[in-house]
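Single-structure report; data block below.
The values are calculated or read from the model by the stated rules, or taken from the named source; none is laboratory data. All values reported here derive from a predicted model rather than from experimental measurement. Ideal geometry is used to build each Cβ from the backbone, glycine not excepted, and the neighbour counts take in all protein chains shown. We work out accessible area using only protein heavy atoms, side chains counted, and drop any ligands, DNA or RNA first. Shrake-Rupley method; radii C 1.70, N 1.55, O 1.52, S 1.80 Å.
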Amino acid sequence: MSNILLVEPDYRAKFPPLGLMKISAYHKARGDTVTFVRGKVPEFRDIPWHRVYVSSLFTYELPRTIETIKYYSSAVANPHDIFVGGIAATLFPQYIRARVECTVVEGLLDKPDMLGAGTPPIANIVPDYSILGAVNWQYKPDNAYFCRATKGCIRKCKFCAVPKLEPEFDYCDSLSKQIREAAARYGERQNLVLLDNNILAASRLKEIIAEIRNAGFGIGDKLNGKERTVDFNQGIDARLISEKVAQLLATIPLSPVRLAFDYDEMETPYRQAIERLAHVGFTKFTNYVMFNFDDTPLSFYYRLRTNIELSEKLGVSITGFPMRYIPINSVKRQYISKAWNWRYLRGIQCILLATHGLVSPNPDFFDAAFGSSFEEFLEIITMPDRYIIHRNRYKDNEAAEWRGLYRKLSKAEREEFLRVLAKLHWSNNRKTEMLQHKKFRDLLEHYYPGGKVPKT
Amino acid sequence: MSHKPFIGTYVLETLTTGMYTNPLDTLREFIQNAADSIRTAEEEHLIREGAGRIEVTLNPTERIVKVRDNGVGIPSQEVANRLLNIGTSTKTIEKDAGFRGIGRLAGIAYCKALHFRTSAVGENTTSEVKIDCDGIRNTFSPELRQVSRLEEAIANYSSVTREPCDTDSHFFEVTMNGILEQVPIFLNWRAVEGYLSQVAPVKYDAQRFIFATKIQEWVKQYGLSIPTVTLIIKTPEIEREVFKPYKSRYGTRRSKGIKYELDIEDVCFYPEVITPESTFWLWYGKTQLLGMIDDTMVAGLRLRKNNIAIGGPDRVRELFEEVSRSYGRFNSWYIGEIHIISPHAIPNARRDGFEDTGIWPEIKKELIGFVEARAKEAYTASGARNQPTQKVITSAKRVIDKVEKTLAIGIASAKERDNLLKQVDQERKRVTDALKHRKNQEDVKTIEPYLERLNKIRASLKNSKPRLKKFRSDLGRKQRKVISEVLEVLFEVLDEVNFEKAKAAILARFQVEESKTGS
């Protein structure tokens with residue numbers, strides 16, 4: 001028997017760490033003891049463990065992940081008893097290897113010997129939901145099965161990490177088996193979350209949907225008096241939604257429906273998919289809208305607006321879920337693509353702050369938050385953070401004054417002003433540097449009153 | 001007419017708080033009972049050998065400690081007799097670890113209520129005994145004028161109930177409910193794990209202690225084994241198996257400012273072979289004997305019976321002291337375990353030593369002989385001439401490093417230089433002495449280069465002028481001179497450690513970057 005420590009670095013994680021949960025199930029079945037922890041906890045570092053597993057997620061959290069690995073390295077007899085795996089470790093293993101001695105495991109745990117000689121593949125093991133209660137962290141959703149029917153994807157989109165993480169499109173264990181075993185071991189769960197990258201690409205789609213229905217997730221099925229829902233969390237491929245597929249999907253309580261409107265060229269299939277799905281009765285959509293890749297601010301605004309327009313036209317509710325692109329190998333979050341700039345990205349972040357990242361389909365809300373025209377949109381995202389975040393508090397005085405000054409700037413001056421704002425943001429010597437931009441003095445005062453960063 | 005004595009509840013105080021030095025000894029008593037019960041279950045083939053499992057569950061929020069085993073359990077007819085009678089254990093002195101029938105009462109002193117639940121195999125009942133510890137403790141609180149009769153108090157404050165369960169289950173579970181405020185240690189899993197790892201009959205951690213297998217195999221060739229159970233400690237946050245704390249590498253305690261690294265190079269056994277007449281066997285770690293081991297969890301040989309600790313390292317320290325009063329310290333130069341296997345050596349009621357009857361005096365005599373040899377080895381190694389090679393070179397290296405560093409940044413004053421020279425000379429003498437007494441060519445080869453280095457560094461020290469180097473180029477001659485003089489003054493008034501600190505701080509400001517990183 002061995003003492004196993006599972007560590008999730010204390011980055012913001014929404015979903016439970018499924019890899020660690022599978023590793024937990026595997027070790028417990030061997031008779032080992034398993035402890036799960038988030039982040040760096042001194043009392044766990046100061047005692048010996050036979051093996052420590054550290055998960056990784058976003059590449060821009062790799063520095064924190066490295067720190068966590070180093071932190072626990074004294075708790076094992078040999079640094080290679082620390083196993084590091086997960087998404088970021090698969091995307092950028094050399095970044096970890098160059099910085100800390102440990103065992104980096106790349107890819108899915110779907111082959112033998114990945115966790116040491118003689119270990120079985122564990123990708124299909126039922127994750128151990130019981131470890132989640134040990135940490136003071138609320139994963140969401142907290143009462144769902146996390147399963148997947150397929151792995152990989154048939155597309156090779158340039159912006160997506162899936163082709164590297166899961167190069168082959170293939171099937172996993174049957175869903176009925178996954179759900180049955182999880183229920184038997186860890187109790188029934190209210191909802192079902194499917195993490196497939198592109199479930200509609202499955203030629204066995206009909207069977208998969210039938211399995212979902214038969215597992216207690218048909219339309220109107222309830223548990224403890226509450227209706228159950230199914231969430232294809234990674235979204236479904238608009239291009240694959242034929243009328244037949246829409247009808248098939250209508251046999252399960254999908255909530256919300258998730259599509260993606262990542263670039264302009266998707267418009268036709270996107271509109272068609274929503275129309276087909278609305279036609280079979282779906283009303284609630286939460287759709288991913290990527291920006292900061294090859295797109296422009298105009299395209300982004302247009303795509304968000306399309307959702308408002310479609311919602312009204314079809315009598316449905318399409319919530320936008322903007323997704324900011326970060327290159328899959330980036331260890332920082334600051335990436336800015338060609339058509340974007342620092343201030344604009346920051347402005348969008350400020351708008352989304354109050355809405356948990358979502359864009360409501362309510363036209364009044366949309367006009368107020370994102371502007372009723374593209375020009376107004378650009379103006380809003382150029383404003384100082386607090387004027388965006390606390391729209392109502394500032395709109396009649398400070399923001400109005402700011403607008404007056406800003407509107408006087410020529411097109412070229414506005415571009416220059418955006419560059420100045422980005423420079424000042426990263427400046428160590430802001431107060432002095434501000435003096436160099438006399439032309440923008442009054443405007444800059446709105447951003448940094450007295451040369452200081454105001455409270456938001 | 002014979003008098004019927006009145007036994008008051010004060011006796012319980014002696015049997016609980018009065019009995020054990022460490023509140024956690026209560027857990028040792030529970031674990032010992034659990035281990036005995038598991039042994040029986042193994043003998044009766046209820047579980048296979050090695051499948052015994054004890055779970056210690058701590059819940060700090062609810063203030064509960066639970067110890068559960070999968071041993072034979074107690075049949076329901078016997079529950080009341082076995083759990084509520086005092087000092088009448090059915091166990092045998094020779095075979096079982098616990099035999100007096102008082103250990104489990106220790107819990108009364110530290111919680112509000114003590115519950116025992118158990119079921120024996122083949123019966124479809126679980127019995128539960130509840131003891132109201134608050135109630136019982138009140139009967140012997142000193143404010144109370146009237147003392148109750150012991151039997152009455154126990155009868156009044158306990159209950160026995162039964163409920164159905166399936167026939168196959170066999171377990172014993174003791175729960176301390178409402179751990180009292182004054183003993184928070186019961187709810188501190190690290191303290192509990194640390195304690196149990198030293199005391200409970202658990203396995204060696206073979207991943208950390210590479211000689212674990214060697215010890216087991218050595219014992220096995222004589223048809224013996226080290227009895228172990230799987231002991232799990234659980235809280236809402238953690239789950240760990242408890243292992244003995246031995247590992248293969250340690251540090252020594254700081255002595256004259258130096259801490260040595262210490263490898264366990266091998267394990268040695270005594271006696272060389274175990275015969276049917278042997279009353280004990282022991283292993284100890286072979287090291288370079290560089291000093292006291294800096295880990296209180298393992299330092300010092302310890303006694304065990306049935307693989308459960310009998311007292312701590314102090315028991316063996318006393319044996320070293322019997323050889324010579326000043327040798328007591330040498331016990332902590334060693335790690336190891338003395339397993340008493342004679343059934344005739346009886347642990348005392350506190351379990352911190354053995355009764356001075358039966359075979360113990362004989363064992364003790366033999367142990368003193370063994371300990372004497374260890375003490376002599378350690379004594380020899382601690383003497384200047386016979387210092388272990390690693391100790392000689394560690395010390396020489398330390399002085400060489402220090403002088404090299406100082407030479408790199410410059411010497412503040414003639415006095416500082418003379419002081420360093422003195423240290424180098426001392427070290428040269430130590431190394432020369434050590435070389436003179438070395439017979440092993442290997443050692444000579446290891447040490448010799450250090451003498452050369454010391455000689456070399458002495459020469460450069462002698463030739464160096466007291467002058468600081470690598471001053472920043474913007475400093476004028478006068479400024480440089482002032483800095484040097486300030487350092488000279490500081491050398492006079494500060495002790496070595498503080499002077500080094502001050503010098504480093506001053507030079508960090510006035511020297512060029514590269515020498516800062518270089519030093």
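Here the extension length gained between B:LYS220 and B:ARG472 equals 83.7 nm, from 0.36 nm per residue of separation less the Cα-Cα distance. Taking a Cβ cut-off of under 12 Å around A:GLY220, the surrounding Lys, Arg, Asp and Glu residues balance to a net charge of +2, with basic ones at +1 and acidic ones at -1. Karplus-derived 3J(HN,Hα) values for the stretch B:214-229, using 6.51 cos²θ - 1.76 cosθ + 1.60 with θ = phi - 60°, are 4, 5, 4, 6, 4, 5, 4, 5, 9, x, 10, 8, 9, x, 9, 10 Hz; glycine and proline are entered as x. Backbone amide hydrogens, once placed in the peptide plane, bring B:ARG249 within less than 5 Å of B:ILE264, excluding anything fewer than 5 places away on its chain.
DSSP beta bridges confined to the protein assembly as shown are antiparallel in about 60 percent of cases. For B:LYS469, nonlocal amide neighbours, meaning residues 5 or more places apart or on other chains whose placed amide H falls under 5 Å from its own, are B:GLY410. Among the listed pairs A:LYS70/B:LYS214; A:LYS22/B:LYS234; B:LYS415/B:LYS445; A:LYS284/A:LYS338; B:LYS397/B:LYS445, a Cα-Cα separation exceeding 23 Å is found for A:LYS70/B:LYS214; B:LYS415/B:LYS445; A:LYS284/A:LYS338.
Taking every DSSP bridge with both residues inside the stretch A:144-385, close to 20 percent are antiparallel. Counts of other chain beta carbons within 10 angstrom of each beta carbon in peptide B:239-248 average 4. Using C-alpha pairs under 8 Å with a sequence gap of at least 6, the mean separation divided by the residue count of the stretch A:391-451 gives a relative contact order of 33 percent. The lysines within cross-link reach of B:LYS470, meaning a Cα-to-Cα straight distance under 16 Å and a gap of 8 or more places when in the same chain, are B:LYS405, B:LYS478, B:LYS481, B:LYS503, B:LYS516. Among A:86-98, B:64-76, the peptide with the highest mean count of other Cβ atoms within 10 Å heads the list, and the full ranking is B:64-76, A:86-98. By the Cβ rule of 4.7 Å, the protein assembly as shown holds the following cysteines without a possible disulfide partner: A:CYS102, A:CYS147, A:CYS153, A:CYS172, A:CYS350, B:CYS111, B:CYS133, B:CYS165, B:CYS268. Fully extended, how many nm does the chain gain between B:THR357 and B:ARG325 (0.36 nm per residue separation, minus their Cα-Cα distance)? Difference between extended and current length: 9.1 nm.
Length gained on full extension, A:GLU312 to A:ARG30, computed as 0.36 nm times the residue gap minus the Cα-Cα distance: 95.9 nm.
Peptide B:253-259 has a mean shielding of 0, counted as Cβ atoms of other protein chains within 10 Å of each residue's Cβ.
For chain B, the relative contact order comes to 11 percent (Cα pairs under 8 Å, sequence separation of at least 6). Ligands, DNA and RNA excluded, the heavy atoms of B:GLU181 present near 140 Å² of accessible surface to a 1.4 Å solvent probe. The trypsin sites (Lys or Arg not before Pro) of the stretch B:1-51 that meet both conditions, a loop assignment by DSSP and at most 11 other Cβ atoms within 10 Å of the site Cβ, are B:ARG48. For helix A:297-314, what angle does its Cα long axis make with the longest principal axis of chain A, in degrees from 0 to 90 and rounded to 10? It works out to around 70 degrees. For the stretch A:1-15, accessible area lost to neighbouring protein chains reaches 40 Å² or more, against the chain alone with a 1.4 Å probe, at A:MET1, A:ASN3. Couplings for the stretch B:496-508, taken from phi via the Karplus curve 6.51 cos²θ - 1.76 cosθ + 1.60 with θ = phi - 60°, read 4, 4, 5, 5, 4, 4, 5, 4, 4, 5, 5, 5, 4 Hz in order; Gly and Pro are left as x. Per residue, the protein assembly as shown exposes an accessible area of 48 Å² to a 1.4 Å probe, with every protein chain left in place. Surface composition of the protein assembly as shown: carbon plus sulfur atoms contribute 50% of the solvent-accessible area (1.4 Å probe, protein chains only, all chains present).
So which trypsin sites (Lys or Arg not before Pro) in the stretch A:346-400 are both in a DSSP loop and have at most 16 other Cβ atoms within 10 Å of their Cβ? Sparse-neighbourhood loop trypsin sites (Lys or Arg not before Pro): A:LYS395.
Cα centroid separation, the stretch B:1-61 to the stretch A:1-58: 34 Å. If only the Cβ of Lys and Arg carry +1 and only the Cβ of Asp and Glu carry -1, the dipole of chain A around its Cα centre is close to 820 debye. The angle between the Cα long axis of helix B:189-199 and the main principal axis of chain B comes to about 80°, on a 0 to 90 degree scale.
The modelled label-to-label distance between B:ASN455 and A:ARG213, using points 7 Å beyond Cα along the C-beta direction, is 9.5 nm. Peptide A:31-40 shows a mean partner chain C-beta count of 3 within 10 Å per residue C-beta.
What trypsin sites (Lys or Arg not before Pro) does the stretch A:290-344 have in DSSP loop regions with at most 13 other beta carbons within 10 Å? Qualifying residues, ordered by number: A:LYS332, A:ARG333, A:LYS338. Solvent-accessible area lost on pairing B with A (1.4 Å probe, both sides summed) amounts to about 1500 Å².
Among the listed pairs A:LYS158/A:LYS222; B:LYS203/B:LYS259; A:LYS28/A:LYS156; B:LYS66/B:LYS364; A:LYS455/B:LYS501; B:LYS286/B:LYS364, those whose Cα-Cα separation exceeds 32 Å are A:LYS158/A:LYS222; A:LYS28/A:LYS156; B:LYS66/B:LYS364; A:LYS455/B:LYS501.
The relative contact order of chain A, computed from alpha carbon pairs under 8 Å that lie at least 6 residues apart in sequence, is 9 percent.
Please determine, in degrees from 0 to 90 and to the nearest 10, the orientation of helix B:441-463 with respect to the longest principal axis defined by the Cα atoms of chain B, where the helix direction is its Cα long axis. The angle comes out at about 40 degrees.
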